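The values are calculated or read from the model by the stated rules, or taken from the named source; none is laboratory data. Remember, it's a predicted structure, so these values are computed and weren't measured experimentally. Here the Cβ positions follow ideal geometry from the backbone for every residue, glycine too, while neighbour counts run over all protein chains shown. Ligands, DNA and RNA are excluded from the accessible area calculation, which covers all protein heavy atoms including side chains. Shrake-Rupley method; radii C 1.70, N 1.55, O 1.52, S 1.80 Å.
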Amino acid sequence: MEANTRSRHVLRKSYACDECKRRKIRCSGDEKCTNCVRDVKLCRYSSPSFQLSKLQRRLQECERLIKDMEKAWTTYLPSVDLHEALQTVRNQEDSNPAVQRRVKQPHNDMSHSTEQPPTSVAEHSNAEDYEFDESQEFDNSTDGMGFLTIDPHKAGYTGPQSGIAALKFLQSLPLYIPLSSFNPASSLDDDDLADSGLPRKRGEISRYLDDYFAFYHPAYPILHEGTFRARVSGALAKPHDGSWPLLYYTVLAIGAFVGDSNGTKADIVFFKEARKHLSMDVLEKGSLSYVQAIVLMANYLQKRNKPNAAFILIGIGFSMALAIGLHREFGNPSTSPFTMEVRRRVWWTLFIFVSGVQLTLGRPAVSLVGVNVRLPANVDDHDLAVDMDELPESQTGPTITSSLIAQVKLAKIANAIQVELLTHHLPTADKAKYLEQRISAWYDELPPHFNLDVYLELRFDIPRRVLLWRSYHLRIVINRPFLFQNITSKSELATSTGPVASCLTAADMCVTSICVFLESTDNRRRGLTWYATCWLLTASFVQATCYVYEPTHALAASWKHRIQRAVDCLGSLGSSHDMALRARDVLQKVLEHGHELTSPGNVGPFSPTHIPPAFRPFWTPFGWNESQANCNPLTIGAGSNYPRYPQGPFGAEFLDVAGGMMIQNLFNSSEERAENPSWTPG
């Protein structure tokens, strides 16, 4: 304040505004001096010294503003690195000069600053097509992995990263042959579905609890084992808010599901019992126990092929978690270290579930704005006690929270990838490289026991492997749009360097890692097979796409070998997971199709001489070149010699289209193909 007064005093002695000089009166020296304001005159300074002083004042104001912004960023966005965010913005501006020349639009309180992507060609024109009904029993017409849904209509909205988008895109094409109804036999299709009543033997209940804490808890430690078991036995009082039956039976359902190796339906009866306690009354309450129960049921529903029900339920859990402040760190002495640590576990388990289902279904990523709760400590359940005064030091070896801590860090990268792909569909090469480098940095920073050469007991080994498979999946997702671009331009696959090579490398590593492990163990519990099927399918579809596109490529034999290996492994998973058999049949059809294409007398599947004229435009690389004219699908058949499709972000859905083609070839009858020879690309 004293400095400002001195500065103003100096200004008054140094110069006056032009108007005061003309009138030869004393000037206050302000930016708009007192005389000019009083007399409504234009106050202007032509003195160079004043202009310099004005710039100095603005510089000081800008420096103060920067400091305040950095302080606010640290307070309200603690999970986002400021310098990293600035570098990302600069990279985007450098790669897209048009952004710098964008005309500033009038501010609208209802608008959002986030760049909106164009409508995808895989999206329905009728909004009602996104309505869904998952109220039927577990009928296998949809799948929680978002890849092999039979009828893409009425399956809910799915973005370009989901497998369901494949079928939506295929059905948007004028020449698309609708998929035949296909519902594979399932152990859940019997008439006596889970009507036998709840198990009454204590041994069965105990086994399902043991399976939950052995095969599920080490990956998702949303509960404290000692506390939960004490409540089951009656040593500790159960929650009085009505949440206990919902939580208890959901835990039993998950335990029965993940520990089963024969595809039984023992879990269904517990789910039905838990569902009885899920009513509208839940929305009028909020507690840690309710959040645990709702989040666990949502994850169970996804694994039981009700992805939209799971998405909605986990949204309720997320909202309830925010409502009870799970996202905030509390240091009040009245909040015990034990309670705060359990809250951290619940929040971050919820976060990775929300992030995972949003990526799987291609829906906008969850935000961490305003979240300041710390990651849980790397300690085991038995290291925590209700009456402890402070948390023990984190361990360096594997504990019940090791996988969760690593998953949270990877999920934050997954969110960045999801935002990039939903915003731009095709990222810049530099952005994709940067995101893949973040995955590599995450891997390098993992504790030594995440190295597969280090022996771990089974309960820690499975979460470790699933986590690494998940990292391969993210590398595939961020790089595969470049593979699609390569294919849509009908270019030779660039498999030596660049994003396409990275995509294939990640797919090869994923397939090899999963198959090597499955070939070395007879473990076929669903807690493992669900994830193995999901990531094996994702990786194999990349190789299958390349194999169908270039069956004579130098790497085609390697692709074929890995696809065959994946087929064999998926077949071995079928006893406990029906979707594995469906995926196996699709990949097997790819192998047969590739064999036909490489037989003598056949040429490459996408060469101009092989594609029927009516099908060739399907492979035209539209959507990548702005100079191309927009195509009007309404003109099809009105004097045009071949169908034309509207421009759009085609590349982001190409892998899904390839998957849809495989399913189409598998499920269409030979009679349909014979009647419509020009509709089949080979």
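General observations
- All conditions but one from (1) open to solvent by less than 40 Å² (accessible area, probe 1.4 Å); (2) farther than 22 Å from Trp442 by Cβ; (3) assigned to a helix (DSSP H, G or I) apply to Val516; the one that does not is (1).
- Of all the listed residues (Leu493, Leu446), the sole one being within 30 Å of Pro221 (Cβ to Cβ) and not acidic (Asp, Glu) is Leu446.
- Set Phe311, Phe351, Phe338: member being open to solvent by less than 10 Å² (accessible area, probe 1.4 Å) and in a helix (DSSP H, G or I): Phe351
- The sole residue among Ile177, Ile222, Ile205 that is within 22 Å of Arg582 (Cβ to Cβ) and either of a type in the set (A, V, I, L, M, F, W, C) or at pLDDT 95 or above (or both) is Ile177.
- Among the residues of the range 417-432, those that are over 14 Å from Gln358 (Cα atoms), assigned to a helix (DSSP H, G or I) and at pLDDT below 85 comprise Thr423, His424.
- Sole exception among (1) open to solvent by 20 Å² or more (accessible area, probe 1.4 Å); (2) among the hydroxyl-bearing types (Ser, Thr, Tyr); (3) in contact with a Ser or Thr (Cβ under 9 Å, 6 or more places away or on another chain); (4) closer than 26 Å to Ala323 by Cα for Ser261, by number: (4)
- In this entry, Lys433 passes the filter for residues that are touching a residue at least 40 places away in the same chain (Cβ under 8 Å) and open to solvent by 10 Å² or more (accessible area, probe 1.4 Å).
- Some residue of the range 522-537 being free of Cβ contacts under 8 Å to residues at least 40 places away in the same chain, polar (S, T, N, Q) and in the same structural domain as Arg582 (by the TED database): no
- Checking each residue in the range 210-246 for being of a type in the set (A, V, I, L, M, F, W, C) and touching a Gly at 6+ places or on another chain (Cβ under 7 Å) picks out only Phe215.
- Subset of the range 75-88 [open to solvent by less than 100 Å² (accessible area, probe 1.4 Å), under 25 Å from Lys431 (Cβ atoms) and part of a helix (DSSP H, G or I)]: Leu82, Glu84, Ala85, Leu86, Gln87, Thr88
- Any hit, the range 368-383, residues being on the phi < 0 side of the Ramachandran plot, assigned to a loop (DSSP other than H, G, I, E, B), open to solvent by 60 Å² or more (accessible area, probe 1.4 Å) and among the basic types (Lys, Arg): yes
- Of all residues in the range 64-72, none satisfies being in a loop (DSSP other than H, G, I, E, B) and surrounded by 11 or more Cβ atoms within 10 Å (Cβ to Cβ).
- Restricting attention to the range 409-427, the residues that are open to solvent by 60 Å² or more (accessible area, probe 1.4 Å) and either touching a residue at least 40 places away in the same chain (Cβ under 8 Å) or touching a Ser or Thr at 6+ places or on another chain (Cβ under 6 Å) (or both) total 3.
- Residues of the range 398-408 satisfying the condition of being in contact with a Phe, Trp or Tyr (Cβ under 6 Å, 6 or more places away or on another chain) and open to solvent by 10 Å² or more (accessible area, probe 1.4 Å): Pro398
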